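Remarks on the structure that follows.
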Amino acid sequence: MIVLRRIVGSLLFCLAFNINVSAEVKVKDGYVRGLPPGQMVTAAFMRLENDGDHEVVITGATSKAAERAEFHAHQHSGGMMSMKRVNSIVVPAKGVFELKPGNHHLMLINLVSFLREGDNVELNLEFKSGERMALTLPVRSVLNEHKK
Ligand SMILES: [Cu+2]
């Protein structure tokens, strides 16, 4: 009986561990920047909120809408602004990480098709824990980006 209880206990622990990230990380205000036709690269922005007691590390992303998705940071040097790839982003415990214009963003490289305002883009976030989170983000034209 004790053995059985131990097995049940560890199963429950595994389940709790597996749903950890998606239960504790919420994505808000996400969208993909819609650009004029002919642009092969755009970016996705979102606010990541972590309600949990542990930091959450996001190590990558994929999307059917683009060949590659990369996390980028902006850096300023000598009065010039450029982007560089970062291997991961960290959402602090009980904290927030924002992907926003002029700051960190999720770069979508080599778009499969032209993204129009009102389209939806499916994304998968990949966590260090091995979990994934599926997202559907609306396309918002760059012209309307700052209106909300
Ligand atoms: Cu970029």
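The values are calculated or read from the model by the stated rules, or taken from the named source; none is laboratory data. Computed from a prediction, not measured in an experiment: that's the story for all the values here. All Cβ positions, glycine included, derive from the backbone under ideal geometry; neighbour counts span all protein chains shown. Heavy atoms of the whole protein, side chains included, go into the accessibility calculation; ligands, DNA and RNA do not. Shrake-Rupley method; radii C 1.70, N 1.55, O 1.52, S 1.80 Å.
Taking segment 63-87 as the range and being among the aliphatic types (A, V, I, L, M) and either away from the ligand (no atom under 14 Å from the Cβ) or at pLDDT 90 or above (or both) as the test, the residues that pass are ALA65, ALA66, ALA69, ALA73, MET80, MET83, VAL86. Within the set ALA73, ALA69, ALA23, the sole residue that is small (Gly, Ala, Ser) and touching a Leu at 6+ places or on another chain (Cβ under 8 Å) turns out to be ALA69.
HIS54 falls short on exactly one of the conditions (1) modelled with pLDDT of 95 or more; (2) open to solvent by 60 Å² or more (accessible area, probe 1.4 Å), and that condition is (1).
Scan segment 61-75 and give yes if some residue there is within 15 Å of the chain's Cα centre (by Cα), open to solvent by 50 Å² or more (accessible area, probe 1.4 Å), within 19 Å of ALA23 (Cβ to Cβ) and touching a residue at least 24 places away in the same chain (Cβ under 8 Å), otherwise no. For segment 61-75, residues within 15 Å of the chain's Cα centre (by Cα), open to solvent by 50 Å² or more (accessible area, probe 1.4 Å), within 19 Å of ALA23 (Cβ to Cβ) and touching a residue at least 24 places away in the same chain (Cβ under 8 Å): absent. Filtering segment 88-97 to residues that are under 16 Å from the mean Cα position of the chain (by Cα) and either more than 14 Å from the ligand (Cβ to nearest atom) or aromatic (Phe, Trp, Tyr) (or both) leaves SER88, VAL90, VAL91, PRO92, GLY95, VAL96, PHE97. Of the residues making up segment 97-148, just one is among the hydroxyl-bearing types (Ser, Thr, Tyr), assigned to a strand (DSSP E or B) and surrounded by fewer than 12 Cβ atoms within 10 Å (Cβ to Cβ), namely THR136.
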